[in-house]
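Report on one structure; see the data block that follows.
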Amino acid sequence: MVSNLSGMTAKSFSPTTDPEIRAELTASVRKWVEREVLPVALALEHADEYPEALVEQMKEMGLFGITVPEEYGGLGLDLLSYIAVIEELAAGWMSLSGVINTHHIAAGLLVTHGTDEQRSSLLPRMVTGEMRGCLSLSEPDAGSDTRNISCRAVRDGDEYVITGTKAWVTNGERAGLVALAARTEEGITCFMVEKDPGVAYGGITVSKNIGKLGYRGLETVEMLYDAHRVPASAVLGGDAGVGKGLAAILSGLEVGRINIAARAVGVARAAFEASIKYAQQRHTFGQPIAAHQAIAHKLADMGTQLQAARLLTEHAARLRAETGRAEVEAGMAKLFASEAALDIATEAMRIHGGVGYTTDLPIERYFRDAPLMIIGEGTNEIQRTVIARGLLKRYAIEE
Amino acid sequence: MNVVVCVKQIPDPAVPGELTSDNRLKRDGAKAILDESDSYGVEMALQLVDKAGSGEVILVSMAPNGEVSGLRQALAMGAARAILISDDALAGADALTTSKVIAKAVERAGGVDLVLAATESSDGYTGTVPAQVAELLGWPSLTFAKHVEIADGKVTIQRQTENGYDVVAASLPAVVSVTAGVVEPRYPSFKGIMAAKSKPLDQVTAADLGLNSISAGQSIVSVDAAPARQAGEKVEDDGTAFERIVTYLEELKVI
């Protein structure tokens, strides 16, 4: 009964945030994006300049604490609210959603796996944005292939000594807390490494910002750990967490994938909305181009893809909130939404024609930003592998 | 320092408006929003109370059907509580009726030092309510404030004029209408938005305010579309066009 996909996830969902509140929060972010982000996004993105002022406003709004429980000063919002916020940010400027993504993954790791002491010490600083979190799993030779992780942590008395090189660390320089995957004797362990923001701290050196096609304005760096010492209490979950970091991080990455899907929905929405507006304004052969079937059909496909992407993303978020895991569904949402965003951004370029190719409009930015989502948080090729593996397990036949 | 801010909840200007059969703006459609021109008063009030170090910002709004959407936006910004007057008897109320209701609500709020209002609403545009409220309360009326300061029991404003501003002062309590731009309204924090739902809301009728025989006070006979803009005068530049433009601007008394 492989066709009966609905049977996979027939669960009753109970999101916790009042839908009315969620709608108000989303509307508030949308208004902020329209007024504060859109007027400056083009220039900041082209200059690859970090949006300092916007990030300060994001802190004031409380965006760094939205998923953290109220007992730690956060807002305790559900995942559906989180992805609604991410969609709004990404619809304005995708990079802004990256400012808080790994921060929330790191916070989520603490909430789910941290010791009481770790939670009460770190989370109250994180919710205000005073302490920024990031996630560091990938290495030059280890991305989705986590078996290749070579960054090592060796116990030395009450400390661990960390040595290795980490790649593709978003927010690595500005972070004050790194959720770091390193190999210990017992297996992969997640360390919550505190540091001062900046290019060097203890044995940590941060490379300069890596130039990128899109996703500009916020730093993506390499981080070198040269016998950097951390207290043994930095192990996520304390002694009990030694060797159990990979499962925790991979579970956290599900939220990352749902985040990427929501970003893709945001970029896709921006590209679609710009296109459907332009198609009614731009006239050729005596009529708006939307009246030409060639364009109208593109709009129909774009709108359909966008809707499907959003529903898959919301579904994954609900499932994760309800059951704590959504590996297959998060992968499906990430896969579909990111491919949809790339398609929609490309079609937006075709609909806009020459003006879409100029740097005067954000169409070229959507076109450059969309590929991040097919690659980030596990390439779509890996997503398909994960999805297939999950489905085969779920639908295994008895032999 | 207790400040009342008069806030109007209006139909979303982004949605095309409709008229009822008796020529009034239809207000029972989509959710109402906070009149943006009132967000300046809310921000000003929050800053004044903050500076004073004590007191609260109280919202007063008159709206049909127990509408609170716009009030919630202002509560999310930081106002402490709200008084909502919602009464079918007030449907289509004219400016004076509205002012009578608001003046009574200000009295109900109790211990008010200052009332702030926008210079005019974005849907009705009469621009007369703040002065009428002041008259009904017997308080000084200061209008078109682009800057407000409170000190020693006095309010001092910069009153926007065509050429600059006048400095106007009055003793408290007083009613001040503020222009857009008096301060930059804050974005509500997420915490503020979440807290707004549980802030005290005192919903009353006209009778609760002691206004037992009150009615709209007006009927709208007809509504006509604004006349289409006339075609302008075209000036072809033959080298002397600037002279004609200067003359034209002088006739308009803009230069």
Of A:90, A:106, A:179, which residue is open to solvent by less than 10 Å² (accessible area, probe 1.4 Å) and out of contact with any helix residue (DSSP H, G or I) (no Cβ under 7 Å at 6 or more places or on another chain)?
-> A:106
Quick check, is residue B:36 among the charged types (D, E, K, R) and more than 25 Å from residue B:216 (Cβ to Cβ)?
-> yes
Segment A:132-173, residues that are of a type in the set (Lys, Arg) and touching an Asp or Glu at 6+ places or on another chain (Cβ under 7 Å) = A:166
Among residues belonging to segment A:243-299 that are among the hydroxyl-bearing types (Ser, Thr, Tyr) and part of a helix (DSSP H, G or I), point out the one that is surrounded by the fewest Cβ atoms within 10 Å (Cβ to Cβ).
-> A:251
The lone condition residue B:156 fails out of (1) in contact (Cβ under 8 Å) with a residue 24 or more places away in the chain; (2) open to solvent by less than 60 Å² (accessible area, probe 1.4 Å); (3) of a type in the set (Val, Ile, Thr) is (1)
Please give the strands (runs of 3 or more DSSP E) falling wholly within segment B:8-106 in which 1 or more residues are more than 14 Å from chain A (Cβ to nearest Cβ) and more than 19 Å from residue B:187 (Cα to Cα).
-> B:9-11, B:57-62, B:81-85
Residue B:116 in a strand (DSSP E or B) and either among the small types (Gly, Ala, Ser) or within 28 Å of residue B:65 (Cβ to Cβ) (or both) = yes
Which one of these is more than 30 Å from residue B:5 (Cβ to Cβ) and touching a helix residue (DSSP H, G or I) at 6+ places or on another chain (Cβ under 9 Å): B:235, B:183, B:204, B:178?
-> B:235
Of all residues in segment A:39-66, which are within 14 Å of another protein chain (Cβ to nearest Cβ), open to solvent by 30 Å² or more (accessible area, probe 1.4 Å) and touching a residue at least 60 places away in the same chain (Cβ under 8 Å)?
-> A:59
Would you call residue A:208 surrounded by fewer than 20 Cβ atoms within 10 Å (Cβ to Cβ), within 16 Å of residue A:99 (Cβ to Cβ) and among the basic types (Lys, Arg)?
-> no
Residues in segment A:204-226 that are within 26 Å of residue A:113 (Cα to Cα) and part of a loop (DSSP other than H, G, I, E, B) total 0
Filter result (without any contact (Cβ under 8 Å) to a residue 24 or more places away in the chain and either touching a Leu at 6+ places or on another chain (Cβ under 6 Å) or part of a loop (DSSP other than H, G, I, E, B) (or both)) within segment B:159-180 | B:161, B:162, B:163, B:164
Out of segment B:162-206, which residues are within 14 Å of chain A (Cβ to nearest Cβ) and more than 21 Å from residue B:43 (Cβ to Cβ)?
-> B:198
Kindly check whether there is at least one residue in segment A:137-150 that is within 14 Å of chain B (Cβ to nearest Cβ) and over 13 Å from the mean Cα position of the chain (by Cα).
-> no
Test: residue A:28 is of a type in the set (S, T, N, Q), more than 21 Å from residue A:330 (Cβ to Cβ) and more than 9 Å from chain B (Cβ to nearest Cβ) = no
Kindly indicate whether any position in segment A:328-341 is open to solvent by 40 Å² or more (accessible area, probe 1.4 Å), assigned to a helix (DSSP H, G or I), in the same structural domain as residue A:383 (by the TED database) and at pLDDT below 95.
-> no
Name the residue, out of A:17, A:9, that is closer than 19 Å to residue A:310 by Cα, within 13 Å of another protein chain (Cβ to nearest Cβ) and modelled with pLDDT under 90.
-> A:17
Within segment A:132-156, the count of residues that are more than 16 Å from residue A:180 (Cα to Cα) and open to solvent by less than 50 Å² (accessible area, probe 1.4 Å) comes to 0
So which residues in segment B:181-213 are in a loop (DSSP other than H, G, I, E, B), buried (at least 17 other Cβ atoms within 10 Å of the Cβ) and of a type in the set (Gly, Ala, Ser), if there are any at all?
-> B:189, B:206
Could you list, in sequence order, the residues of segment A:81-108 that are modelled with pLDDT of 95 or more, aliphatic (A, V, I, L, M) and over 13 Å from residue A:127 (Cα atoms)?
-> A:83, A:84, A:85, A:86, A:89, A:90, A:91, A:94, A:96
From B:78, B:92, B:66, B:53, grab the single residue that is at positive phi, small (Gly, Ala, Ser) and open to solvent by 40 Å² or more (accessible area, probe 1.4 Å).
-> B:53
Lone unmet requirement of (1) assigned to a helix (DSSP H, G or I); (2) open to solvent by 60 Å² or more (accessible area, probe 1.4 Å) for residue A:359 = (1)
Of the residues in segment B:181-219, those that are touching a residue at least 60 places away in the same chain (Cβ under 8 Å) and within 22 Å of residue B:148 (Cβ to Cβ) number 7
Scanning for something surrounded by 10 or more Cβ atoms within 10 Å (Cβ to Cβ) and modelled with pLDDT under 85, does segment B:233-240 turn up at least one residue?
-> yes
Go through segment B:3-45 and give me each residue that's among the charged types (D, E, K, R) and open to solvent by 50 Å² or more (accessible area, probe 1.4 Å).
-> B:8, B:12, B:18, B:22, B:24, B:26, B:27, B:28, B:31, B:36
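The values are calculated or read from the model by the stated rules, or taken from the named source; none is laboratory data. Here the structure is a predicted model, which is why all the values come from computation and not from measurement. Quick reminder, even Gly has a Cβ in these numbers, built from the backbone with ideal geometry, and neighbours come from all protein chains shown. Ligands, DNA and RNA are excluded from the accessible area calculation, which covers all protein heavy atoms including side chains. Shrake-Rupley method; radii C 1.70, N 1.55, O 1.52, S 1.80 Å.
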